[in-house]
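Structure, as structure tokens:
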Amino acid sequence: FDLKIFVDTDDDIRFIRLLERDITERGRTTDNVIQQYLSTVRPMHLEFVEPSKRYADVIIPEGGFNTAALDMVVARIETLL
């Protein structure tokens with residue numbers, strides 16, 4: 001079976017996750033992470049990731065916090081197995 005899922009997470013949450021990860025796990029500075037986000041990460045997200053949403057069979061809003069949507073995806077997958 002084929003099921004395309006897009007996990008849609010708020011821009012601010014994505015940025016905060018990136019910032020926290022890059023500072024704690026990669027030893028980067030806040031200024032460096034912000035500069036890369038504004039110059040590369042955000043433009044690439046808008047150009048490539050965001051447009052792919054239209055091809056999804058299921059869009060999960062609010063990322064992994066949306067338990068109702070996650071339950072729906074699990075139920076759909078179970079019917080396909």
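Quick note: the coordinates plus some simple rules give every number you see, no bench work behind them. As the structure is a computational prediction, the values presented were derived from the model and not from experiment. Here Cβ is always computed from backbone atoms with ideal geometry, including for glycine, and neighbour counts include all displayed protein chains.
Here is how the numbers come out for the structure above:
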item	result
Charge tally in the Cβ shell below 12 Å around residue 34, where Lys, Arg are +1 and Asp, Glu are -1, residue 34 excluded	0
Mean shadow area of the chain over all directions, Cα convex hull, nm²	6.4 nm²
Computed lengthening from residue 52 to residue 17, 0.36 nm per intervening residue step minus Cα-Cα distance	10.5 nm
Long-range HN-HN contacts of residue 62 with modeled amide H, under 5 Å	8, 10
Relative contact order of the chain, pairs being alpha-carbon contacts under 8 Å that are 6 or more residues apart, as %	49 percent
Degrees between helix 11-26 axis and first principal axis of the chain (Cα, 0 to 90, nearest 10)	60 degrees
Cβ-defined net charge surrounding residue 76, 15 Å radius [Lys, Arg +1; Asp, Glu -1]	-3
